[in-house]
Amino acid sequence: MPIEYEWYDDQRTIVLTYWPERWTVEDVLDTDPLMISYLDLVDHPVYQIIIFSSGFIPSKVLTSLPQMANLEQFQHPNHAGNVLVGTPRVLATIADIFSKVYRRIDFADDLAQAVDIAYQRLGESK
């Protein structure tokens, strides 16, 4: 099952990204053009909420952080940030390292909290 994207709101300020039970670093890298296509549809900041469906951690995720940090979507002028939901403990530790070294990532316990964080951050970016 691939990584899937959909708009959360009619204003197109939040993109929900659903990561399947099993995923690879290559899946993340391969979907970068799809996220960029979402960002290209609007002329304002967009926050991405990534929802994990399991505790699966793929191999090579830690050594691939520099490659993932260089995804084109992060350079896009409309990409405002990311919130991770349902992050497995080990992956949350890795994402925290990513956040400290490359770019900020927020964490949420559930979708409602993630949406609140995204709207708060979007308000700060105006």
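Some notes on this structure:
- Filtered residues of the range 1-35 (kept if surrounded by fewer than 17 Cβ atoms within 10 Å (Cβ to Cβ) and not in a loop (DSSP other than H, G, I, E, B)): Glu4, Tyr5, Glu6, Trp7, Tyr18, Glu26, Asp27, Leu29, Asp30, Asp32, Pro33, Leu34
- In the set (1) crowded, with 18+ Cβ neighbours inside 10 Å; (2) hydrophobic (A, V, I, L, M, F, W, C); (3) touching a strand residue (DSSP E or B) at 6+ places or on another chain (Cβ under 8 Å), Val61 fails one condition alone, (3).
- Counting only residues that are in contact with a helix residue (DSSP H, G or I) (Cβ under 9 Å, 6 or more places away or on another chain) and modelled with pLDDT under 95, the range 6-23 holds 2 of them.
- Residue count for the range 77-93, restricted to those that are surrounded by 17 or more Cβ atoms within 10 Å (Cβ to Cβ) and on the phi < 0 side of the Ramachandran plot: 9
The values are calculated or read from the model by the stated rules, or taken from the named source; none is laboratory data. Remember, predicted model here, so these are calculated numbers, not experimental data. Using ideal geometry, Cβ is built from the backbone for each residue, glycine included, and neighbour counts are taken over all protein chains shown.
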